[in-house]
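Report on one structure; see the data block that follows.
Computed from the coordinates by the stated procedures, all read-outs in this text should not be read as laboratory data. Just so we're clear, the structure is a prediction, and the values are computed from it rather than from any experiment. Reconstructed Cβ throughout: ideal geometry from the backbone, glycine too, with neighbour counts over all protein chains shown.
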Amino acid sequence: MKNAFVIIIVFILVMAGFSANPKKPFALDGEYMNYAEKIISFLGCECELVKNTETIPMIMKKYENLLIRGKAEGFTPLIIVPSFNLCEIIDWTSSHYGDNGHLNAIIEIKSKAINVAELLDRVKTMPIEEDIVGEFVYYKPTNRFSSLIDYATGRLYETIIIARIPTDKPWELAAWIPMGGWNECPAPEVQVAVFKYWYEKYGAIPAVVHSDIWELYVEKPPRTKDAAAALAWEQYGFCSDIIWQGAQKINVLASTLLNSKIWYFWWD
């Protein structure tokens with residue numbers, strides 16, 4: 001799937017101030033090669049830069065090893081693909097959420113007011129002009145990240161960040177890298193709320209983030225068609241583009257989720 005190049009920010013939230021781990025101020029200066037450094041400075045935590053000499057299996061192994069270590073040491077790894085768009089979104093979010101060093105706490109607190117079950121179930125009552133249920137088809141389970149390849153070159157992105165986010169609550173990663181709030185992409189606090197719900201239900205951990213993509217690493221994927229279909233409806237409620245610009249049918253999406261360790265979300 002192609003990346004979106006035009007970002008339309010459509011939400012404005014009220015400024016709030018709460019205590020949390022402070023982050024360094026973030027601002028754009030247009031220097032193309034510094035996107036990774038800017039994001040690392042914004043995070044203010046331990047990060048590793050991965051160059052495109054590595055392979056997807058190497059990165060998967062590194063990620064899974066860090067996931068095990070993190071559970072013992074109190075951090076959660078996050079793979080970040082830096083770009084101008086991602087820097088721009090973080091900069092906008094920092095200013096419009098009233099960030100004074102506590103952005104992740106602001107988003108986390110806002111997420112607690114969201115009724116996730118109602119949010120994800122709303123699509124079942126929305127009028128739809130065509131049948132989107134469809135039939136199950138066979139797909140091999142997905143066990144590798146799919147968004148680390150730059151399709152312009154056919155290779156890994158030039159630079160990838162693996163951050164060790166200092167939290168043992170994986171859903172909070174959507175507050176540390178606040179991607180969202182434009183077009184149909186949910187606001188960061190919605191992402192936090194939904195990811196918490198899926199972590200508790202499926203062991204789903206936010207693992208890879210772009211300006212318009214999340215991939216989740218899933219420890220307890222659905223094992224039956226009924227469970228996969230129920231999850232597919234939830235994912236449609238969270239990210240309609242994976243149906244309308246992807247699977248086209250709920251049961252086709254469900255087929256890709258059955259026994260799969262990786263979930264993919266993309267917004268146009």
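Computed from the C-beta positions of Cys45 and Ile68, the FRET efficiency with R₀ = 25 Å rounds to 0.85. For the range 210-250, applying the loop criterion from DSSP together with a ceiling of 12 other beta carbons within 10 Å to the trypsin sites (Lys or Arg not before Pro) yields Arg223. Under 5 Å between amide hydrogens, built in the peptide plane, is the criterion, and for Arg155 it picks out Asp150 among residues at least 5 positions away or on other chains. Extension gain, Thr159 to Glu37, is 42.9 nm, computed as 0.36 nm per intervening residue step minus the present C-alpha separation. The Cα atoms of the range 63-215 give a gyration tensor whose axes a ≥ b ≥ c have a/c under 1.5, which makes the shape rounded. Loop-located GluC sites (Glu not before Pro) in the range 37-91 (DSSP state not H, G, I, E or B) with no more than 14 neighbouring Cβ atoms inside 10 Å: Glu46, Glu54.
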